[in-house]
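The values are calculated or read from the model by the stated rules, or taken from the named source; none is laboratory data. None of the values given here were measured: they were computed from a predicted structure. Neighbour counts are summed over all protein chains in view; Cβ atoms, including those assigned to glycine, are modelled from backbone coordinates with ideal geometry. Calculation scope for accessible area: heavy atoms of the full protein, side chains included, ligands and nucleic acids excluded. Shrake-Rupley method; radii C 1.70, N 1.55, O 1.52, S 1.80 Å.
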Amino acid sequence: MADLNKLGLADARDALRKGDVSSVELTNACLSAIEGAGALNAFVHHTADLAADQAKAADARIKAGDAPAMCGLPIGIKDLFCTKGVPSQAGSRILQGFLPEYESTVSQNLFDAGAVMLGKLNMDEFAMGSSNETSVYGNAVNPWRRAGDDAQLTPGGSSGGSAAAVAADLCLAATGTDTGGSIRQPAAFTGTVGIKPTYGRCSRWGVVAFASSLDQAGPMTKTVRDAAIMLGAMAGYDAKDSTSADLAVPDFEAALTGDIRGKKIGIPREYRMDGMPEEIEKLWQDGIAMMRDAGAEIVDISLPHTKYALPAYYVIAPAEASSNLARYDGVRYGHRATLDQGDGITEMYEKTRAEGFGPEVQRRVMVGTYVLSAGFYDAYYNRARKVRTLIKKDFEDAFAAGVDSILTPATPSAAFGLGEMTDADPVAMYLNDVFTVTVNLAGLPGIALPTGTSTTGLPLGLQLIGRPWEEADLLSTAYALEKAAGFVAKPDKWW
Amino acid sequence: MSIDETTAARVAKLARIKVEPDALPALAQEFNNILGFIEQLNEVDVEGVEPMTSVTPQVLKRRDDVVRDGGQQAKILANAPDAREGFFAVPKVVE
């Protein structure tokens, strides 16, 4: 079989089980693709030896008739996941040289299910960014380019390396994490599928923390079916994460009927933003027509506090980050600054953190420190948490009125050029998450999938938002939209 | 609400991040832009609304009060920039 790296999870799994291909062959195809894709800067730590061992073990398992969901399937892991004995830096200088002594629950679950790890994937530093440009490794590059234009584009962020790697067929799928849109925005920018599950569905244990009340891991894949397969392998109760939900994980793949007849799909009027590009509006209208043609009932809904989601997020997320990132103090792991004669422990903290954190991380840690400081805690932090309650209630009201899922654009634009936002106000970059951040604040599952292309030939994605814990229904609805949209375009290989 | 250089310096100190004095004006300006954006929250009527503590209603599980883990000194110290005699080593803390 040619071009094995271009397979998705489902097709590769079926070929493995039939004996048409081995995991070693699949893995070698991906390793060759990675070797030839240095220009994308997607893989930042390579684990070819580990992959070879895991592939051999997977082939033996398959031969013995024991082939769990991910058996023999080569994937990439975002650098935010701690992987035992393998560099895990969260894209930050401050974790340079850190070699975890343990395995994150999600990566362990994937390995238990037989997955093969090809390496670690580029990302914005501590998952803070929407373009992968805050990474200590330098930015990943989107395999897509505008028609007739060589300009390098962002793969989105923070899971930009994961998105670029999946879109460029360097791996069959990848893990991502999503705090404000970090799975769904890069998926939309690269023509791939990404789902952020309900808060609590995947264990956060061993995932470097950014904003603990918002962070969730999820799969980034080539198809909705692949997302269903991989989410099933990643998810599950974990006693090591006190916010992990003790709920059975359904068979997401078996639930993919694609039958949405009679389903109520909500269209929130507040997501029609001023100045939204016409092509995004058209993408949304086309998606609505596809759902209607597939038998769904389209209803207009209101989520009145949408406008306040980003400001609330930019209080809550930095506040939690300032607390979480306090652990990077040059004592227990990672970077420690070289000290001058007479420097005490305070100077060590201050110099270590100034050297170890990039500008965006420093900015957010300090904003978080400010909104939590005496005198401002109520005015900023508590107010933001109250607004968060109202944002969640907006969704609860819509679901109580019978809406099954909500259809929105995934991003306000197609992928933008690397460097284009360098001189912009940080707030302009934050607007990338305007359609996705509400979902994190409300703890809901959301999936982005490609349904069209921009006038410049770039992929565009829509987002479906589901009821809590109903990822199975959400994936089935997404499967129907995927079939109707029939998006099959791939980037032309230039790298 | 406007942040001046003194406040910016105080926040940097609280966050234990060294900021050179010549970088403070730009930092204060960035804070002001971000806080200006956040100020929109003042438009929302939050009277009587509970601040969210947990996004999914759940009761934290209790577990037996027993030692489940431990005896991993070498692993815990393995990544330390400076570890000596079984301890993390840091610069002088008290005079």
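Scan segment B:3-26 residue by residue and report those that are within 23 Å of A:ASN324 (Cα to Cα) and either open to solvent by 20 Å² or more (accessible area, probe 1.4 Å) or at the interface with another protein chain (Cβ under 7 Å from one of its Cβ atoms) (or both).
B:THR7, B:ALA9, B:ARG10, B:VAL11, B:ALA12, B:LYS13, B:LEU14, B:ALA15, B:ARG16, B:ILE17, B:LYS18, B:VAL19
Could you list all residues from segment B:27-57 that are polar (S, T, N, Q) and more than 7 Å from every other protein chain (Cβ to nearest Cβ)?
Hits for segment B:27-57 are B:GLN29, B:ASN32, B:ASN42, B:THR53, B:SER54.
Mind listing just one residue for me: the one in segment B:71-95 that is acidic (Asp, Glu) and under 29 Å from A:VAL86 (Cα atoms) and, of those, most open to solvent (accessible area, probe 1.4 Å)?
Checked segment B:71-95; the qualifying residue most open to solvent (accessible area, probe 1.4 Å) is B:GLU85.
On the basis of being more than 7 Å from chain A (Cβ to nearest Cβ), open to solvent by 80 Å² or more (accessible area, probe 1.4 Å), farther than 30 Å from A:GLY334 by Cα and of a type in the set (Lys, Arg), does B:ARG68 make the cut?
No.
Residues A:ALA60, A:ALA39, A:ALA51, A:ALA29: which one is in contact with a Ser or Thr (Cβ under 9 Å, 6 or more places away or on another chain) and either in a helix (DSSP H, G or I) or among the β-branched types (Val, Ile, Thr) (or both)?
A:ALA51
Looking at A:THR408, A:THR455, A:THR438, which is the one that is more than 18 Å from B:THR56 (Cβ to Cβ), crowded, with 24+ Cβ neighbours inside 10 Å, modelled with pLDDT of 95 or more and of a type in the set (Val, Ile, Thr)?
A:THR408
Need at least 2 residues that are more than 10 Å from chain B (Cβ to nearest Cβ) and open to solvent by less than 40 Å² (accessible area, probe 1.4 Å) per element, so show me which helices (runs of 4 or more DSSP H) inside segment A:288-395 make the cut, counting only ones lying wholly within it.
A:309-324
If you go through segment A:115-144 one residue at a time, how many are farther than 23 Å from A:GLY8 by Cβ and either charged (D, E, K, R) or open to solvent by less than 20 Å² (accessible area, probe 1.4 Å) (or both)?
Of the residues in that region, 11 qualify.
Given the criteria on the phi > 0 side of the Ramachandran plot, open to solvent by 20 Å² or more (accessible area, probe 1.4 Å) and in a loop (DSSP other than H, G, I, E, B), does A:TRP495 qualify?
Taking the combined requirement at face value, the residue does not satisfy it.
When you look at A:ARG145, is it of a type in the set (Lys, Arg) and more than 14 Å from chain B (Cβ to nearest Cβ), yes or no?
yes
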